1. Among the numbered criteria (1) charged (D, E, K, R); (2) touching a Lys or Arg at 6+ places or on another chain (Cβ under 9 Å); (3) more than 20 Å from D172 (Cα to Cα); (4) modelled with pLDDT of 80 or more, which one does E59 miss?
2. Just give me the residues in the stretch 79-100 being part of a strand (DSSP E or B) and either of a type in the set (S, T, Y) or within 16 Å of the chain's Cα centre (by Cα) (or both), in sequence order.
3. Whether any residue in the stretch 149-163 is farther than 17 Å from N20 by Cβ and touching a Lys or Arg at 6+ places or on another chain (Cβ under 6 Å) is what I want to check.
4. So if I check each of K10, K16, K51, which one is of a type in the set (K, R), modelled with pLDDT of 90 or more and out of contact with any helix residue (DSSP H, G or I) (no Cβ under 9 Å at 6 or more places or on another chain)?
5. Could you tell me whether the stretch 105-125 includes any residue that is in a loop (DSSP other than H, G, I, E, B), at pLDDT 90 or above and under 22 Å from Y29 (Cβ atoms)?
Amino acid sequence: MAASAGSIPKQESAWKRYQNQQWGYCVSYPSRWLKGDAFDGAGIFIETGAKRHSKPVAEINIEALANQEGEARQPALTLVESLESHFDGMKKFEHAEQLEILEKREMQFSGNSALFTKDRYYDPQNRARWIEEIILAKRKETLYRLQLECQPDQLTRFEPVFLHFLSTFELDCSTGH
């Protein structure tokens with residue numbers, strides 16, 4: 001994903017395994033980060049601050065979404081439409097302002113078609129700028145969204161953690177992990 005990924009900081013060297021039985025995927029995450037369930041059981045978020053118990057400066061999350069045709073027989077969203085829907089939600093619910101797409105490209109992720117984006121926005125509630133890296137991958141009728149959000153001055157620290165997180169992502173996990 002990034003040529004200058006760097007190495008994982010020492011404080012993120014121990015990892016735990018998460019398995020989502022309902023959606024059939026698993027991933028590893030830094031054990032010192034705070035983990036919580038999200039998206040009605042379809043995912044998790046993990047976050048960390050500059051120091052233990054301080055305000056979060058980075059968050060990684062993963063979500064699985066059923067991407068099926070609805071009752072109105074509308075076609076499932078494309079990766080680009082899913083990304084646009086994500087941005088619309090950010091603007092509406094998180095009040096993201098000054099959203100700027102820095103990079104956007106198609107790729108393969110876990111053997112599936114995917115879309116990578118990197119964007120920057122201003123959050124007026126926190127009075128802070130954020131960088132967000134997103135991978136949207138579609139497999140069969142499921143859309144997976146894997147995301148890193150951090151403050152711009154923290155990107156060099158957290159991007160290697162996100163890359164490692166992505167490298168541990170598996171579909172069709174056996175219960176033995």
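The values are calculated or read from the model by the stated rules, or taken from the named source; none is laboratory data. Everything numeric in this text was worked out from a predicted model, so none of it was measured. Don't worry about glycine lacking a Cβ; one is built from the backbone with ideal geometry, like all the others, and counts go over all protein chains shown.
1. (2)
2. Going through the stretch 79-100, the residues part of a strand (DSSP E or B) turn out to be 97-100.
Listed by number, the list is empty, since nothing qualifies.
3. Filtering the stretch 149-163 for residues farther than 17 Å from N20 by Cβ gives 149-163.
Subsequent filtering for residues that are touching a Lys or Arg at 6+ places or on another chain (Cβ under 6 Å) retains 152.
Looking for residues that are farther than 17 Å from N20 by Cβ and touching a Lys or Arg at 6+ places or on another chain (Cβ under 6 Å), one finds at least one in the stretch 149-163, hence yes.
4. Values: K10 fails: modelled with pLDDT of 90 or more; K51 fails: modelled with pLDDT of 90 or more.
Testing whether each residue is of a type in the set (K, R), modelled with pLDDT of 90 or more and out of contact with any helix residue (DSSP H, G or I) (no Cβ under 9 Å at 6 or more places or on another chain) leaves just K16.
5. Applying the first criterion (in a loop (DSSP other than H, G, I, E, B)) to the stretch 105-125 yields 110-111, 124-125.
Restricting the remaining residues to those that are at pLDDT 90 or above gives none.
Scanning the stretch 105-125, I find no residue that is in a loop (DSSP other than H, G, I, E, B), at pLDDT 90 or above and under 22 Å from Y29 (Cβ atoms), so the answer is no.
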